[in-house]
Every structure is written in C-alpha cells, then in structure tokens.
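To start, the structure itself, in structure tokens.
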Amino acid sequence: MRARSIRRRAVVCAKALGILIAILWSAFPIFLLLSSSIKRPVDIFAVPVKFVFDPTMDNYVRLWRDWPVFFESLLNSLIVTSGATLLTIAASALAGWVLSRCEGRYVTGSAFALIVLRLLPPIVITLPLFPVANLLGLNDSRILLVLLYATFFISLGTWIMKTSFDQIPRTLEEAAANDGASLRQTLQHVSMPLGVPGMIAAGVFVFIHAWNDYLFAFIFTTTRAKTAPVVLSEIMGSATGVDWGVLFAGASLQLLPIAIFVIIVQKYLIAGLTSGSIKG
C-alpha cells in the first residue's frame, strides 16, 4: 500500500514537472520579448541576460515617432482578421452542418476535396493568384486578404464544425421540424446555437493565422493594406540598421492582442475541440 502511494506521488510529481517545463519553454521567449521592449539598447543583448534593469518606454516612443505606419498596419490587421474570421465561421458552419447531416457521393467528394485543399502549401497557388487579383483590381486591398485567409481555413473550419454537429442529436432538429419549424428556423434556433463552441474553436484558428500571416500580406499588399507582420519586417530591413528596441516594442504590441484573445476564449476553444456541444 505504501509503495503504491509512493508511485502515485511520483507520477503526480513527474506530471507537474512536465507541465512546468512546458510552461517555461513556451513562456520564456515571450518574457524575453516583452522585457526587451522596455530595455535600453545596450541591455538587450547583454551577456549574461539582465533580468534586473531600469525599465524605459523610450522604445515605444520611438516606434510611435519613427514608424507611425505600424499603428495603421495594426488597424489593417484587426479589420482583415475580423473579416476573415467571421466569413470563415459563417461558411464553415453551414458546410459543416451539410457534411454532418447529409449523405451521398457528392457530399463525400466535397469532404475529400476540402482535405486536399488543406494539404496544399499556400505558396503553390499564391503566385498564380497574383495576376488574377491584379486583373480584378483587388491587389493591395483588405478584402483580398479576407477572402484569401477565409478560403484557406474554410476546410479546417468545416471539419471542426462537422465534428461539433455530429455531437448534436438529430432528434432535436426533427422535433423542431415536427413542430412546424422550417429549415432556416431549425438552423437559426436549434443547430447553430448548439454549435457555438465549434464556431469559436474554428474562429480561434483563423484569427491567429490571419493576425500573424506574412506571406499573403507581403505578396498582395504594398501600401494601403499592409498588416503588422509586413511592417515589422520593414523595421528589420531598415536601411539605417535594425533598431532592436523598436522592433521588440512593435513585436510586443503585435503579440498582446492575440494573447489576450486566446486567454479570453480558451475555455470555449477546449470545449469546441473536444466534445462539441451535446453528447448524443
């Protein structure tokens, strides 16, 4: 009995140690980023690393003064990310419901096509899309980035939503239909409300990707629709040299919104990825 208790404690301690190591592995780079943004340039790359220093907001002041375009790009990122997330959720929810509730050769084929689309590297079709976007007059526009991000994540979002709707008993929809509800009413008042955890899970993936994406924004934007990652790369490639303090300040500002967003929705994300909604 005593040996079993010792083994149980050892297992608990090992799990706690593993969790602690994982947290440190993930959090330490973020700590270095945030702390470097309030260090003087001479302290940023000091060896050994200075954990005790006199904080300064000068890097943020210089970012505001020398790179006002960065704050415009943050607004572009917010608009593009929000638009892509909402569009993906709307399309994925409807498509996921169809895959969950309908059967047939064409439905199966479309599900397979979504998987194939997800497997394609974005760069494969990025360059061929450039002349098409240019012909349509969509280059350097927010709407183009919204459509691109939504297109590449509808496949993942659809499968997340399919899993979510699979957990919802069909009897609920059948009961609504028997009470005289139309398909639209059934979707609006029964299926979609119960699928909200899955929508949030799909939305988180789109939001994170669109907020941090560099490839599409770099290729398809020049001035008006530049997002924050593109401007950060310009700060790194400045002709006067890299101002690391300003770069860390910009990266910190670009990181904080997405970190806050994930913290807020984490419980919904876990629910959407595990059980969906109601277990049938």
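Every number here is computed from the coordinates shown, using simple stated rules; none is lab data. Keep in mind that what you see is a predicted model, and the values were worked out from it rather than measured. Methodologically, a virtual Cβ is constructed for each residue, glycine included, from the backbone with ideal geometry; neighbour enumeration extends over all protein chains shown.
Figures for the structure shown
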read-out	value
The range 43-93 and the range 148-178: distance between their alpha carbon centers, rounded to Å	34
Principal-axis tilt of helix 142-166 within the chain, Cα atoms, nearest 10 degrees	50
Ellipticity estimate at 222 nm from DSSP helix runs (n ≥ 4, -39,500 (n - 2.57)) divided over the chain, nearest 500	-25000 deg cm²/dmol
Computed over the chain: relative contact order in percent, which uses C-alpha pairs under 8 Å that are six or more apart	30
³J(HN,Hα) computed for each position of the range 112-127 - Karplus, 6.51 cos²θ - 1.76 cosθ + 1.60, integer Hz, glycine/proline x	5, 5, 5, 5, 4, 4, 5, 6, 6, x, x, 5, 4, 10, 5, 5
Gaussian network model of the chain, Cα within-10 Å springs - most flexible of 178, 212, 59	178
Rg(Cα) / (2.2 N^0.38 Å) computed for the range 179-238, rounded to two decimals	1.87
Computed magnitude of the charge dipole of the chain (debye, nearest 20; Cβ of K, R +1, Cβ of D, E -1)	1240
Cα-based radius of gyration of the chain once divided by 2.2 N^0.38 Å, which approximates compact folds	1.26
Tilt relative to the chain, helix 196-212 - C-alpha long axis, 0 to 90 degrees, to 10	30
In Hz, Karplus ³J(HN,Hα) per residue of the range 101-110 (6.51, -1.76, 1.60; θ = phi - 60°; x = Gly, Pro)	9, 10, 10, x, 5, 6, 5, 4, x, 5
For the range 1-159, convex hull volume per residue from C-alpha positions, Å³	254
